[in-house]
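The values are calculated or read from the model by the stated rules, or taken from the named source; none is laboratory data. The shown structure was predicted, so the numbers you read here are calculated from the model rather than taken from an experiment. Here the Cβ positions follow ideal geometry from the backbone for every residue, glycine too, while neighbour counts run over all protein chains shown. In case anyone asks, the SASA skips ligands and DNA or RNA and just uses the protein heavy atoms, side chains included. Shrake-Rupley method; radii C 1.70, N 1.55, O 1.52, S 1.80 Å.
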Amino acid sequence: MTMLNGLIFAPEWGFLRFALLIALVLSPALGVVGTMVVTRRISSLAGASAHAALGGFGLALFLERVCHLNWMTPSLGALAGAMLAALAVGLISMYAKEREDTVIGAVWAVGMSVGLLFLDRTPGYVDWQGYLFGNILLLAETDLYWALALDLVVLTPAVIFFPALLAVSFDDMFARLRGIRAGAVYLGMLALTALTIVLLINLVGIMLVIALLTLPAAAAGCFTSHLKSMMVLTGVFNTLFICGGLVLSCFLELPSGPAIVVLAGGVYILSLMWKKLVK
């Protein structure tokens with residue numbers, strides 16, 4: 001109890017309390033997008049978009065510093081890279097009839113490699129490892145506003161187009177028979193996923209983004225098959241994993257990102273075991 005009181009009230013733990021607040025704010029958006037990623041089986045595409053964002057990040061930073069294009073910020077480049085990757089994979093899979101896993105693998109490898117090549121040719125210090133791994137304990141007040149903006153951008157279309165998302169998430173053919181433009185909804189889901197990835201990369205890094213978009217939703221899927229309840233449970237799991245991982249990392253002196261991922265992975269394994277026992 002004394003340790004808990006110290007965590008809540010002690011001034012030196014202010015950075016941790018702020019990180020926990022951002023975790024609470026991020027969880028609704030992560031619940032919605034993570035559920036879409038898992039139910040549509042596009043976890044690999046989320047990873048490809050995240051690494052393609054590194055390609056856009058590297059190119060934009062090169063143009064900004066070498067070509068003096070000051071309007072070309074790294075965040076804008078990352079957004080363009082992730083969006084292009086997501087839409088390219090979706091369109092090629094839908095119309096060129098290429099195997100989706102092959103296209104995703106190519107986008108993943110090429111996007112990250114392009115980013116690293118441009119970063120190598122960019123003068124000055126570039127903290128690309130921070131871009132990959134992030135540090136949720138070093139967030140500022142502006143990051144809280146970005147988290148709130150992400151909730152607004154994600155939750156608004158999710159509420160408005162929920163029936164279409166429900167149909168497309170589980171059965172494209174059923175959605176088309178009901179007159180839903182499944183292709184357009186699918187591309188919209190990809191674009192929303194890419195936008196979420198880019199906004200989160202600035203906060204927590206690529207590796208933690210991929211984990212938070214897959215593991216909580218996969219664990220939630222072991223307890224419910226209803227889309228709405230799965231979104232809610234995924235948001236709850238995200239809150240528990242981020243907050244639990246942060247507290248463990250502080251008291252056990254562990255890196256925050258890996259602590260969150262390992263905790264999420266452990267709960268996912270336990271959820272799979274519970275699902276097998278119940279069946």
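Quick notes
- Hey, Phe241 open to solvent by less than 20 Å² (accessible area, probe 1.4 Å) and either in a loop (DSSP other than H, G, I, E, B) or in contact (Cβ under 8 Å) with a residue 24 or more places away in the chain (or both) or not: yes
- Of the candidates Leu155, Leu203, Leu227, the single residue that is open to solvent by less than 40 Å² (accessible area, probe 1.4 Å) and closer than 27 Å to Ala52 by Cβ is Leu203.
- Per-region count, segment 51-77, residues more than 19 Å from Val204 (Cα to Cα), open to solvent by 10 Å² or more (accessible area, probe 1.4 Å) and without any contact (Cβ under 8 Å) to a residue 24 or more places away in the chain: 8
For every residue, the table says whether it meets (1) out of contact with any helix residue (DSSP H, G or I) (no Cβ under 9 Å at 6 or more places or on another chain); (2) of a type outside the set (Phe, Trp, Tyr); (3) free of Cβ contacts under 8 Å to residues at least 60 places away in the same chain.
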residue	(1), (2), (3)
Phe170	no, no, no
Ala182	no, yes, yes
Ser229	no, yes, yes
Phe251	no, no, no
Leu263	no, yes, yes
Leu270	no, yes, yes
Met273	yes, yes, yes
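- If the condition is being modelled with pLDDT of 80 or more and assigned to a helix (DSSP H, G or I), then segment 67-87 contributes Leu76, Gly77, Ala78, Leu79, Ala80, Gly81, Ala82, Met83, Leu84, Ala85, Ala86, Leu87.
- Each residue in segment 33-50 was checked for being open to solvent by 10 Å² or more (accessible area, probe 1.4 Å) and not basic (Lys, Arg), and 4 of them qualify.
- Failed item in (1) within 19 Å of Met189 (Cβ to Cβ); (2) open to solvent by less than 20 Å² (accessible area, probe 1.4 Å); (3) free of Cβ contacts under 8 Å to residues at least 40 places away in the same chain, with Ala80 passing the rest: (2)
- In summary, Arg17 fulfils each of the numbered conditions (1) open to solvent by less than 10 Å² (accessible area, probe 1.4 Å); (2) over 25 Å from Leu116 (Cβ atoms) with the single exception of condition (1).
- Filtered residue count, segment 109-129, keeping only those that are surrounded by 15 or more Cβ atoms within 10 Å (Cβ to Cβ) and at pLDDT below 80: 2
- Scanning segment 172-229 for residues being part of a loop (DSSP other than H, G, I, E, B) and of a type in the set (Phe, Trp, Tyr) gives a total of 1.
- Filter pass, Leu148 being within 15 Å of Leu26 (Cβ to Cβ) and open to solvent by 40 Å² or more (accessible area, probe 1.4 Å): yes
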